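The values are calculated or read from the model by the stated rules, or taken from the named source; none is laboratory data. Because the structure is predicted, anything quoted here is derived from the model rather than measured. With ideal geometry, Cβ positions are generated from the backbone for all residues, glycine too; neighbour counts draw on all protein chains shown.
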Amino acid sequence: MKVFIVFIALLVANMTFISYQGDLNRYIRLQGFLKAVAEEAAAGAALYYDETAYSHGVMIINREEGEKYIEYLVSEAGRKLSLKEGESLSAELEVFDGRDGTAVQGVSPWVTVTLHLNVSDLFRLPFLLKEQVIRSSKYELADCKPGC
């Protein structure tokens, strides 16, 4: 009987460990996917610039076009993730290009995209609860001098 009780205890401990490892692997892959989407969104949004201002030598990022591009990427990423009802993927765009008079000497224009994924629960174990994954990426136009 002692051997049976020890066997059951080891079985429960191993099943807990295997479940945790599988869920953690899925969580890490999800973070990698969201990071790739955030980097693609930031880089793509930064490449939409105001052509008229650029012809005058000033780099102004076109926020509206960038938001459309990010919206498209977020919808495609949500489709690939097969989100269930109540789960959502959203993006937040932050642009710094000196348009509002906040140009800083020596600082190039940049775009930051932050993705928020809200899910039911990523881990099956009852004592672990992870319902939100947040990843962000920043793309800086390094070759652009301030005021360009």
Boolean, E92 is among the acidic types (D, E), loosely packed, with under 14 Cβ neighbours inside 10 Å and part of a loop (DSSP other than H, G, I, E, B)
no
Would a scan of the range 5-19 turn up a residue that is surrounded by fewer than 17 Cβ atoms within 10 Å (Cβ to Cβ), free of Cβ contacts under 8 Å to residues at least 24 places away in the same chain, among the β-branched types (V, I, T) and closer than 30 Å to L141 by Cβ?
no
Among (1) surrounded by 14 or more Cβ atoms within 10 Å (Cβ to Cβ); (2) modelled with pLDDT under 90; (3) in contact with a Ser or Thr (Cβ under 8 Å, 6 or more places away or on another chain), there is one condition L125 misses while meeting the rest; what is its number?
(1)
Given the condition in contact (Cβ under 8 Å) with a residue 12 or more places away in the chain, closer than 18 Å to R135 by Cβ, surrounded by fewer than 15 Cβ atoms within 10 Å (Cβ to Cβ) and out of contact with any Cys (no Cβ under 9 Å at 6 or more places or on another chain), answer yes or no: does some residue in the range 65-74 qualify?
yes
Has the range 95-103 got at least one residue that is closer than 30 Å to L128 by Cβ and without any contact (Cβ under 8 Å) to a residue 24 or more places away in the chain?
no
Residue that is surrounded by the most Cβ atoms within 10 Å (Cβ to Cβ) [pool: residues in the range 105-122 that are farther than 21 Å from N62 by Cα and without any contact (Cβ under 8 Å) to a residue 40 or more places away in the chain]:
V119
Pairs only if they're at least six apart or on different chains, beta carbon under 7 angstrom, first in the range 28-43 and charged (D, E, K, R), second surrounded by 15 or more Cβ atoms within 10 Å (Cβ to Cβ); list them, first residue then second.
K35/R135; K35/S137; E39/S137; E40/L73
